[in-house]
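S.K.: Here's a structure for you.
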Amino acid sequence: MLRDINSDFNKNYLLLIKDAIKKKELPENVDPVKASNFLCSVITGYIMQYVDGAQSDIVDFNKPLVDMFIEQLPKFIF
């Protein structure tokens, strides 16, 4: 089940990243497949912290981290 959810997340991130590149919100040299895989890995890692009990409130703990990551995404070259 987690694999299916992860695959759906990855597909959605891929579409969003491609759209962001098309709209020039991300640089053209960003590889959308690598960027979506990386973003999905980061978010899956946060979810696993919650599942493992490391964090009791996944939204409050992780939202600032995800926001920071998304803000920095244009600086990454994949």
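The values are calculated or read from the model by the stated rules, or taken from the named source; none is laboratory data. Computed from a predicted model, the values in this text were never measured in an experiment. Cβ atoms come from the backbone with ideal geometry, glycine included; neighbour counts cover every protein chain shown. What goes into the accessible areas is simple: the full protein's heavy atoms, side chains included, and nothing from ligands, DNA or RNA. Shrake-Rupley method; radii C 1.70, N 1.55, O 1.52, S 1.80 Å.
S.K.: Filter region 18-44 for residues that are part of a helix (DSSP H, G or I) and over 15 Å from residue 70 (Cα atoms); which is most open to solvent (accessible area, probe 1.4 Å)?
M.R.: Out of the qualifying residues, it is 22.
S.K.: Count, please, the residues in region 3-12 that happen to be crowded, with 16+ Cβ neighbours inside 10 Å and at pLDDT 90 or above.
M.R.: Total satisfying the criteria: 0.
S.K.: Among the residues of region 53-64, is there at least one that is surrounded by fewer than 16 Cβ atoms within 10 Å (Cβ to Cβ), at pLDDT 75 or above and assigned to a helix (DSSP H, G or I)?
M.R.: Looking through region 53-64, at least one residue is surrounded by fewer than 16 Cβ atoms within 10 Å (Cβ to Cβ), at pLDDT 75 or above and assigned to a helix (DSSP H, G or I).
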